Each structure stands twice: as structure tokens, then as C-alpha cells.
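What follows is a single structure, written as C-alpha cells, with notes after it.
Just so it is clear, none of the values below were taken in a lab; they were calculated from the coordinates. Please read all numbers here as calculations on a predicted model, not as lab measurements. Every residue, glycine among them, receives a Cβ derived from its backbone with ideal geometry; neighbour counts consider all protein chains shown.
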Amino acid sequence: MLILALAAAAALQAVPPGENPADPYVQSNANADATPFTGKAMLNAFHGRAGIDRIADGLVDRNLRDKRIKEIFDKQDIVRLRRLLKQHFCYILNGGCDYTGRSMKDAHRDMGVQTADMGALIENLQAAMRAEKVPFFAQNRFLAKLAPMKRDILQEHKAKHRPPLQ
Amino acid sequence: MIRCFCLTLALFISVLPQSAEAEEWRDGGKLLLTGGVTSIEGAAGGGLATWAVIAGDETEAGIGGTVHATYIALPDFDLTSYGGAIGFRNRIELSYAHQSFDTRSVGAMLGLGHGFTFAQDVFGAKLRLIGDAVYDQDRVMPQISIGVQHKRANQGAIIAAVGGKQSSGTDVYVSATKVVLSRSLVVNATLRFTKANQLGLLGFGGDKAIKYQPEFEGSAGVLLTRRLLVGAEYRTKPDNLGFAEEDDTYDLFAAWSVARHVALTAAWVDLGNIATVKRQRGAFLSIQGSF
């Protein structure tokens with residue numbers, strides 16, 4: 001019965017091309033763990049959805065090249081990660097997207113992310129935003145929405161044990 | 001006061017074994033400038049003010065540290081400071097600074113001799129109690145630390161001659177620092193209980209007052225880039241000595257993270273009256289290396 005229910009849930013969440021199937025979970029914008037901006041000023045500062053997509057891709061590319069945190073990302077479904085990061089950023093920046101990923105706590109469960117990993121990722125995000133020429137003050141307003149996620153992203157220290165997300 | 005210092009140290013040590021669980025030890029991990037720069041007393045902070053941030057580039061999974069050299073050029077004096085600090089798990093900071101205050105030609109005028117120099121050693125310890133100045137952007141709660149600075153001045157005879165009561169003393173402080181990322185601001189407020197005359201270089205307590213007094217250190221800055229913080233600081237000080245009025249001090253500063261491990265601070269400082277000589281305003285230059 002349980003298997004049937006899970007299979008039904010999985011069928012409802014069709015696997016996008018190039019991605020591995022994910023275990024079913026309840027989708028909700030509440031999973032974004034951030035209150036979106038209102039108005040369009042931030043979206044414009046990020047050059048709309050095209051700019052957000054470039055920044056998210058730039059962030060993932062940099063993380064995959066960054067020896068400090070490469071190990072964490074090498075184990076992830078990068079196609080899925082790119083899609084969900086774009087949604088996540090777009091949702092927070094009031095770009096008219098829904099976030100369909102897991103909550104920050106669930107998405108990073110047992111990954112063993114440490115503060116130094118978070119610092120490295122923020123530096124890479126700053127670099128991606130600079131490459132997109134997002135004004136520095138707008139970058140910081142965005143980072144202020146992301147920073148509190150640290151409490152959910154960092155959990156028990158299990159750095160030597162980093163299973164993949166799926 | 002020594003007992004207070006020991007109690008505080010005991011408190012620090014009791015906090016040490018908090019993370020017994022095995023985790024990966026990491027080098028660095030703090031974002032640029034979020035460890036502050038080095039204050040003139042050797043603790044992580046701004047230029048004149050001590051902040052709640054812990055020295056070094058480390059996170060809770062590592063050890064970091066700083067070394068610094070600071071030079072303040074004033075019309076009639078100059079003050080130099082050098083030293084270092086160790087940050088342990090972004091929780092505890094131990095610092096040392098050696099300050100020397102060259103009286104140049106004023107020394108001769110005061111009958112001390114040309115180039116007479118007052119010096120002191122400052123031994124500091126700081127404990128981060130609560131809050132995260134950088135990551136807690138959804139909370140009003142700042143990062144709060146408490147600390148002690150034990151200071152030993154070298155010119156006991158002169159200090160006694162000008163009315164100073166002791167040549168060593170211990171400051172205690174509580175400090176709150178917050179980065180307000182949504183406004184690109186960094187703000188700090190520190191409440192320091194001290195008897196120090198001119199930071200301690202002219203001893204502790206005096207003919208006018210001998211008790212601990214609450215003094216305030218405030219800093220506010222704006223991040224213009226991730227490498228550049230510009231702002232202002234204000235610091236009040238006791239006025240214990242009858243022979244020379246002591247003033248509050250302020251500065252306008254720019255702290256620039258030149259590279260990941262190097263920060264330069266330049267400031268315009270107004271140290272007010274010092275040892276009867278008025279209007280000591282000048283340049284503050286500091287270099288800090290960190291890991």
C-alpha cells in the first residue's frame with residue numbers, strides 16, 4: 001500500500017529531463033524558507049529572470065570548481081540543483097516563480113555542511129552576482145534573506161559522511 | 001580585580017570542551033572583514049573601539065589569528081601598537097598588544113626628557129556569548145561578547161607623580177556587534193568599565209576619581225564593497241587626573257581588505273587633550289595580517 005502511495009506521489013511529481021527521480025515530498029513555497037521581496041526593484045537589480053538564471057548557473061559552476069566545497073556538490077544531481085536554485089532565487093526576488101524543492105533543512109539533511117562551506121558558497125554567489133553586475137547594496141539585501149538559512153543548512157557535524165541528496 | 005580576571009578566565013575555559021563531537025577541522029571560513037580589524041588595544045574591533053567579533057578568519061571549526069602594527073601620528077606625540085590575537089572556534093579570543101607613546105619634544109617641556117616614552121602591555125581575553133553578527137539577519141539580536149583587558153604600564157614613578165593611583169589595571173567590557181546586511185551597515189556598541197587614564201598609559205585612577213566608570217565605545221560603518229568598510233567611531237574615557245583634562249575621542253575610518261589575509265585601516269582621529277597638550281588630531285594607520 002505504502003509503495004503504491006509513494007509510486008502515485010512520484011508519478012504526480014514527474015521527473016524533469018536530465019534529472020534523477022527524487023523521493024516524494026510535499027511541495028510548497030514555504031519550503032523556500034524566506035519571505036520574498038515585494039515590488040520589482042530587486043528583480044530589476046538582478047536583471048530579471050534571465051539574470052537570475054545566469055547567477056544561479058554561475059554559482060553552481062563556481063561551486064563545482066571550488067576545491068573547498070566541490071566534494072559536496074559532486075554528489076548532487078546538478079541538473080536538478082540548477083533548476084531549483086533558479087526557482088528559489090526567482091521566488092525570493094519576486095520574479096513570479098514557485099519554489100518546488102525541499103525545505104532547507106530537508107535538502108541539506110546529513111550533508112555535514114559547515115560554516116566554512118557556507119562562507120565559500122557565499123563568496124561564489126557574490127562572484128556570480130558581480131559577474132552579472134548586480135549593485136553591491138542589492139547583493140547584500142539578497143544575502144540578508146539567505147543568511148538565516150544557515151541554521152537549517154548546518155546540522156549535526158557529519159563531515160566525513162556526505163550522502164547524496166536523493 | 002585580579003580575582004575577577006581569574007573568574008572570567010575560568011568561565012572561558014569551562015566553555016572550551018563544548019564541541020566534543022568529531023567534525024572536520026577547517027582553515028578560514030569567515031567572510032572578508034567579518035572578523036573586524038585590530039583595535040589599538042589588540043582586540044578585534046574597529047580602530048579605537050573593541051567589537052564583539054572574534055579575531056581571525058576561523059569558524060567554529062578552527063583556530064585563527066591576527067598580527068597587527070598600528071601607528072598614530074599626532075601633532076605633538078605618536079602612538080604605536082603592535083601585537084597579535086588568537087581566535088579559537090570563533091568563540092574565544094586571546095590578544096596581546098604593546099603600546100608605546102612617544103612624547104617627543106613635549107617630554108622635554110614636561111621635564112621628562114625629549115622622546116620620553118610611556119608604554120604598556122595589554123593582555124586581552126574575549127568570549128562570544130550569544131548571537132551571530134553576520135548570519136542572524138532575521139533577528140534583531142546582535143552578537144554579544146564579554147571581555148577583559150589587563151594593562152600594565154611601565155612608567156609607575158611618573159604615573160604616581162602626576163596623580164595616577166596604579167600602574168596596572170583591568171578593564172572589563174560587554175560588546176554588541178551587528179551587521180545589518182539589508183542596509184550594508186555594521187554597527188557596534190561597547191560598554192567598558194575602566195579606571196584607565198589615556199588607555200592606561202598614564203595609569204589607573206587618579207586624584208580626581210579612583211573608581212571604575214562605565215565608558216562607551218560606538219562604531220558605525222557602511223560596507224561600500226565586500227572589501228571596504230568606511231565609518232566613524234566615538235569613545236568616551238575617564239577623566240581622573242587633575243593635572244590634565246582627558247577628552248573623549250573619535251575617528252573617521254576606512255578598513256580595506258586588500259587581500260584575504262591582509263587588511264589596512266586608515267583613519268583620521270581626534271584624541272583631544274593629552275597631558276595638557278591640546279587638539280591632538282592626526283592620522284591612524286594600521287596593517288593587519290590574519291589567518
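Couplings 3J(HN,Hα) of the range B:104-120, computed from phi: 6, 6, 5, x, 5, 4, 7, x, 9, x, 4, x, 4, 10, 8, 9, 8 Hz, in residue order, whole Hz [Karplus 6.51 cos²θ - 1.76 cosθ + 1.60, θ = phi - 60°; x for Gly and Pro]. Counting only alpha carbon atoms, the long axis of helix A:48-65 and the longest principal axis of chain A meet at about 70°. Lysine pairs in the range B:176-291 whose alpha-carbon atoms fall under 25 angstrom of each other, counting only those eight or more residues apart or on distinct chains, come to 9. Per-residue 3J(HN,Hα) values for the range B:243-251, derived from phi via the Karplus relation 6.51 cos²θ - 1.76 cosθ + 1.60 with θ = phi - 60°, read 6, 8, 5, 10, 9, 5, 10, 8, 8 Hz in sequence order (x marks Gly and Pro).
In chain B, the longest principal axis of the Cα atoms and the axis of helix B:2-15 are about 10 degrees apart.
First check a/c for chain A, with a ≥ b ≥ c the square roots of the eigenvalues of its C-alpha gyration tensor; if it is under 1.5, answer rounded, and if not, answer prolate when a/b is larger than b/c or oblate otherwise. Please list the in-between numbers first.
Numbers: a/c = 1.78, a/b = 1.28, b/c = 1.39.
The shape class here is oblate.
Computed from Cα positions, the angle between helix A:136-146 and the longest principal axis of chain A comes to roughly 20 degrees. Here chain B is scanned for trypsin sites (Lys or Arg not before Pro) in DSSP loops (not H, G, I, E, B) that have at most 15 other Cβ atoms within 10 Å, and the longest stretch holding none of them is B:1-138. Dipole of chain B computed with +1 at Lys/Arg Cβ and -1 at Asp/Glu Cβ about the Cα centre; of B:Ser39, B:Ala189, B:Ile287, farthest Cα towards the positive end is B:Ala189.
For the range B:229-242, backbone phi angles converted through the Karplus equation (6.51, -1.76, 1.60; θ = phi - 60°) give residue-by-residue couplings of 10, 10, x, 9, 9, 9, 9, 8, 9, x, 9, 9, 9, x Hz, Gly and Pro being listed as x. The amide H of B:Gly45, built 1.01 Å from its N in the peptide plane, has B:Val37, B:Thr38, B:Ser39, B:Trp51 as neighbours under 5 Å, considering only residues 5 or more places off or on other chains.
Provide a whole-number value for the mean count of partner chain Cβ atoms within 10 Å of the Cβ atoms in peptide B:138-145.
Numbers: counts 8, 1, 0, 0, 0, 0, 0, 0.
Mean inter-chain Cβ contacts per residue within 10 Å come to 1.
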